[in-house]
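The values are calculated or read from the model by the stated rules, or taken from the named source; none is laboratory data. Keep in mind that what you see is a predicted model, and the values were worked out from it rather than measured. Neighbour counts are summed over all protein chains in view; Cβ atoms, including those assigned to glycine, are modelled from backbone coordinates with ideal geometry. The accessibility values were calculated without ligands, DNA or RNA, using every heavy atom of the protein model including side chains. Shrake-Rupley method; radii C 1.70, N 1.55, O 1.52, S 1.80 Å.
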Amino acid sequence: MNKIALITGATSGIGEATALILAENSFDIIITGRRNDLLDSLEKKITSQTTSRVKKLCFDVRKLTEVKTALSSLETDWKNIDILVNNAGLAVGLNHIDEGVVDDWERMIDTNIKGLLYVTREVSPGMAARKSGHIINISSIAGKEAYEYGNVYCATKHAVDSLSKTMRIDLLKYHIKVTNIAPGMVDTEFSTVRFKGDKERADNVYKGLTPLYAQDIAETILFAVSRPAHVCINDLVIMPTAQAAATLVFRE
Ligand code: NDP
Ligand code: 8X3
């Protein structure tokens, strides 16, 4: 029987690429996100390109009742989640703290921290009961460094980094692996969301350098989940070659 992987934020970018690569490698996949039409097209893609089973769950990770309802709706043959990829997340806005937009802060805190916690709270008891499982948390270089204008986004990703460490400690007795992944620039919808739909500003982020692509992170996740039982990758920082630190990039 295939292992089951649940990926939050599978409608685009890193989550979508991860769903595809795990399905290609014989995992059955639970894909989640808010945009149902994109879940539908990903489901079609996975079923036409692989032999893996796919289950769609459309919910907003910020809404605890939606998270609970969606996860408790899983039938017996989907309930035993082996791999949880906590990927759903976003940055909104880039302001100094004194000019910050409170609604942007709340979206980031509610999605990146509280949403990750809500999903983990629903999935981890099953892993603990079965004494096996693997949780992958997508943090960021923003969870390792602080940079100008990054304030609240950096804080949320530092929280993810810290939660990865404490989840590892709390779940140690259940043989559950926890892996924190901290990417630098990845060319996805991320910057378009950060700049609230301003495509031109988003495209400028990746001008003059080769960024990471979602596939690079998906391949890293596949590597982490395919290590033998006695090996756990705790923490990984992965950057474009042209980016040495959060704000230090070399553009041609
Ligand atoms: P995308 O914007 O392409 O994907 C973000 C995903 O998160 C989408 O599938 C979106 O789905 C989902 N999402 C956002 N808000 C919610 C919500 N409230 N409920 C459910 N799902 C939600 O960006 P990336 O693929 O780049 O981002 C994935 C993760 O990687 C994020 O946590 C991000 O912080 C992190 N990261 C990204 C980097 C980058 O440079 N791109 C670098 C380092 C880390 P939908 O809109 O359908 O709900
Ligand atoms: C996304 C990467 O450098 O914009 O997490 O914070 S960065």
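Observations on the structure shown:
- Remark: pairs (first residue in segment 198-220, in contact (Cβ under 8 Å) with a residue 24 or more places away in the chain; second residue in a helix (DSSP H, G or I); Cβ separation under 6 Å; 6+ apart in sequence or on different chains) = A214/G13; A214/I14; A214/A17; Q215/A17; I217/I14; A218/A17; A218/T18; A218/I21.
- Filtering segment 1-26 to residues that are under 16 Å from T51 (Cβ atoms) and buried (at least 24 other Cβ atoms within 10 Å of the Cβ) leaves A5, A19, L22, A23.
- Residue within segment 49-67 that is away from ligand 1 (no atom under 13 Å from the Cβ) and aromatic (F, W, Y) present: no
- Residue within segment 105-123 that is open to solvent by 10 Å² or more (accessible area, probe 1.4 Å), within 12 Å of ligand 1 (Cβ to nearest atom), charged (D, E, K, R) and in contact with a strand residue (DSSP E or B) (Cβ under 8 Å, 6 or more places away or on another chain) present: no
- With respect to the conditions (1) within 13 Å of ligand 1 (Cβ to nearest atom); (2) open to solvent by less than 30 Å² (accessible area, probe 1.4 Å); (3) out of contact with any Ser or Thr (no Cβ under 6 Å at 6 or more places or on another chain), A218 falls short on a single one, namely (3).
- Test: residue in segment 155-163 that is open to solvent by 10 Å² or more (accessible area, probe 1.4 Å), out of contact with any Asp or Glu (no Cβ under 6 Å at 6 or more places or on another chain), assigned to a loop (DSSP other than H, G, I, E, B) and more than 11 Å from ligand 1 (Cβ to nearest atom): no
- Of all residues in segment 124-151, exactly one satisfies the criterion of being within 12 Å of ligand 1 (Cβ to nearest atom), over 27 Å from P228 (Cα atoms) and free of Cβ contacts under 8 Å to residues at least 60 places away in the same chain, namely G143.
- Checked against the criterion of being more than 15 Å from ligand 1 (Cβ to nearest atom), of a type in the set (G, A, S), in contact (Cβ under 8 Å) with a residue 24 or more places away in the chain and in contact with a Gly (Cβ under 9 Å, 6 or more places away or on another chain), the candidates G33, G100 yield just one match: G100.
- Segments classed as helices (runs of 4 or more DSSP H), wholly inside segment 1-117, with at least 2 members that are at pLDDT 95 or above and within 26 Å of Y149 (Cα to Cα): 13-24, 102-108
- Among the residues of segment 195-217, those identified as in a helix (DSSP H, G or I) and over 21 Å from T18 (Cα atoms) are K199, E200, R201, A202, D203, N204, V205.
- Filter result for I21 (under 22 Å from Y213 (Cβ atoms) and of a type in the set (V, I, T)): yes
- Residue satisfying condition, being part of a helix (DSSP H, G or I), among the polar types (S, T, N, Q) and touching a helix residue (DSSP H, G or I) at 6+ places or on another chain (Cβ under 7 Å), within set T220, T192: T192
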